[in-house]
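The values are calculated or read from the model by the stated rules, or taken from the named source; none is laboratory data. Everything numeric here is computed off the predicted structure, so don't read it as measured data. No Cβ is skipped: glycine too gets one built from the backbone with ideal geometry, and neighbour counts run over all protein chains shown. These accessible areas exclude ligands, DNA and RNA; they are computed on the full protein's heavy atoms, side chains included. Shrake-Rupley method; radii C 1.70, N 1.55, O 1.52, S 1.80 Å.
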Amino acid sequence: MDLAERIARRRTAQPHSGFVLDREVLSPTVHRSEPVGRGSTLEALLDAVEPAFSDGLPEPFAVVGPAGAGTSAVITALFAALAAELGDSRRPIGTTTRAGSDQRAIRFVYVDARRTTSAFAFYRAVLSSLSTDSVPTSGVGTDDLRDRLATRLTRPDRRAMIAVDHHDEPETIDVSRVRELLEAVEESTTVVPVGRRTPAGWDESVVEVPAYRQHELVDVVTERTAVGLAAGTLDHQAVRSLAEWADGNAHDALAAVFGAAYLATEAGAEAIDDRHLEAAKADVPGGGVHVDRALALPESRQRVLVALIQVCDDEGDRRSIRTLADDVARSSSLTSGTVKRFLYELADRGLLERVSIDEAVGSEGGSGGRRPSTLEPRFPTIAFQALTAAQE
């Protein structure tokens with residue numbers, strides 16, 4: 001981000017006062033157009049897509065990196081830049097922005113598998129990226145969307161690279177299924193899986209994204225806070241300490257900054273202090289999951305999570321799952337049985353963790369005497385509550 005943009009953002013934010021100038025910039029769910037500290041990775045990705053610069057369809061490659069390494073950030077930035085330089089996404093597929101050129105355009109499509117969990121949703125996501133024409137959300141079948149995609153991509157001048165992000169997370173559409181869905185247009189498409197693990201049986205090339213080194217993570221947080229917070233809100237030592245705590249995970253670092261800013265704002269404080277940062281860091285589970293996984297859930301599940309967080313707000317509360325389900329049900333229109341089913345489902349998907357508790361009576365195991373368990377979120381709850389649209 002250049003200096004003029006920084007100044008413009010701060011001037012725009014001044015009438016609102018306060019130390020948070022741009023909350024979106026601080027959000028761990030937002031990716032910047034120029035990822036910080038990822039120059040060598042972007043060069044490796046440019047090597048992988050090199051054929052596209054001479055009108056060739058690149059070979060498949062996977063993008064792999066640990067949690068918080070910025071795999072999503074680099075692929076979204078790359079595809080956005082490629083779309084801007086090599087093709088005009090606002091025009092029908094097959095056009096090019098190169099004046100006077102008749103070269104065939106390659107389209108660069110990003111699919112978020114967290115929000116694309118069915119064949120219908122996948123086809124719709126791809127079609128929506130390939131054309132400005134409206135794609136139905138209902139009233140048509142999956143086969144119809146498949147045929148529409150085939151019609152668009154079977155011509156020799158119509159090709160696409162399709163990045164499938166988060167393919168290796170629970171309940172997402174995996175790479176083998178994506179290839180099945182694209183079988184009719186496999187000659188016109190290149191699949192780029194993006195995630196923490198290489199797809200099973202993958203024999204293509206892999207671009208590895210390393211965890212952030214501490215100084216790189218300092219730069220990431222500094223770049224965000226320089227725009228999102230008023231000058232002097234977080235000093236360099238606080239940022240360095242935060243980067244050391246986050247241990248290479250940019251999501252955790254940004255979730256903590258975002259949470260601290262939220263807590264300070266809610267408390268009516270004039271700045272973020274150590275109490276806000278420590279509370280926000282404590283809210284980010286070690287080895288937890290990205291807050292966006294919770295935000296990608298259906299609204300009914302998000303509402304249950306909001307209610308669960310609220311009923312568990314008391315420090316040290318260790319209510320059993322059955323009791324939690326009853327309490328959540330009382331604050332919603334759902335039955336206790338439905339809530340309990342949702343809670344177990346979310347635990348199976350890794351968003352909640354079942355933890356055993358000591359309880360002399362009221363054991364969920366009944367006569368069997370099985371020790372009851374409670375649930376703990378595996379995602380940053382402060383950021384989730386601030387960002388979800390499922391608040392009552």
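Simple rule: put +1 on each Lys or Arg Cβ and -1 on each Asp or Glu Cβ in the stretch 120-197, find the dipole, and look at A125, A160, P170; the Cα lying farthest toward the positive end is A160.
For the chain, the mean residue ellipticity at 222 nm estimated from helices alone is -13000 deg cm²/dmol, where every DSSP H run of n ≥ 4 contributes -39500 (n - 2.57) and the total is divided by all residues, rounded to the nearest 500. What is the sum of charges around T222, taking Lys and Arg as +1, Asp and Glu as -1, for the other residues whose C-beta is under 11 Å from the C-beta of T222? The answer is -2.
Placing +1 on the Cβ of every Lys and Arg and -1 on the Cβ of every Asp and Glu, with no other charges, gives the stretch 184-285 a dipole of roughly 160 debye about its Cα centre.
Accessible surface for the stretch 228-275, divided over its residues, is 48 Å² per residue with a 1.4 Å probe. Matching the structure-derived P(r) over Cα pairs in 10 Å bins from 0, in percent against the labelled list [x] 5, 25, 35, 25, 9, 1, 0; [y] 5, 20, 26, 25, 17, 6, 1, 0; [z] 5, 18, 20, 17, 13, 10, 9, 6, 2, 0 gives the label [y]. Measuring nothing but protein heavy atoms, the accessible surface of the chain at 1.4 Å probe radius is 46 percent carbon and sulfur. From the residues L82, V194, A105, which one has its Cα farthest along the dipole of the chain in the positive direction, the dipole being from +1 and -1 charges on Cβ of Lys/Arg and Asp/Glu about the Cα centre? Farthest along the dipole direction, towards plus: A105. Any idea what the dipole of the chain comes to, in debye rounded to 20, about its Cα centre with Lys/Arg Cβ at +1 and Asp/Glu Cβ at -1? The dipole magnitude comes to about 820 debye. For the stretch 141-151, putting each phi into the Karplus relation 6.51 cos²θ - 1.76 cosθ + 1.60 with θ = phi - 60° gives couplings of x, 4, 4, 5, 5, 4, 5, 4, 5, 4, 4 Hz, in residue order, rounded to whole numbers and with x for Gly and Pro.
Accessible area ranking (1.4 Å probe, heavy atoms, ligands and nucleic acids excluded), largest first, for S72, S331: S331, S72. The phi torsions of the stretch 61-78, fed into the Karplus equation with coefficients 6.51, -1.76 and 1.60 and a -60° offset, translate into couplings of 8, 9, 10, 10, x, x, 4, x, 7, x, 4, 5, 4, 6, 6, 5, 5, 4 Hz, rounded to whole numbers, with Gly and Pro shown as x.
A cut-off under 12 angstrom between Cβ atoms defines the neighbours of P51, and their net charge, with Lys, Arg +1 and Asp, Glu -1, is -3. Put simply, the amide H of T190, placed in the peptide plane, has neighbours under 5 Å in A160, M161, I162, leaving out anything fewer than 5 places away on its chain.
Rounded to whole numbers, the Karplus 3J(HN,Hα) couplings from phi for the stretch 261-272 are 5, 5, 4, 5, 5, 4, 7, x, 6, 8, 6, 7 Hz, using 6.51 cos²θ - 1.76 cosθ + 1.60 with θ = phi - 60°, and x at Gly and Pro.
Put a dot 7 Å past the Cα of T338, heading toward its Cβ, do the same for R197, and the two dots end up 3.4 nm apart. Residues considered: S336, S54, S205. Largest GNM mean-square fluctuation over the chain, using C-alpha springs under 10 Å, is found at S54. A cut-off under 12 angstrom between Cβ atoms defines the neighbours of S300, and their net charge, with Lys, Arg +1 and Asp, Glu -1, is +1. Taking Cα centre as origin and charging only the Cβ of basic (Lys, Arg, +1) and acidic (Asp, Glu, -1) residues, the dipole magnitude of the stretch 96-195 rounds to 420 debye. Among T233, T338, T198, which one shows the highest mean-square fluctuation when the chain is modelled as a Gaussian network with alpha-carbon springs under 10 Å? Per the Cα network of the chain with a 10 Å cutoff, T338 tops the list. A simple spin-label model places pseudo-atoms 7 Å from Cα toward Cβ; at A80 and D133 they are separated by 2.8 nm. Computed extension gain for E180 through E208, at 0.36 nm per residue and net of the alpha carbon distance, reaches 7.5 nm.
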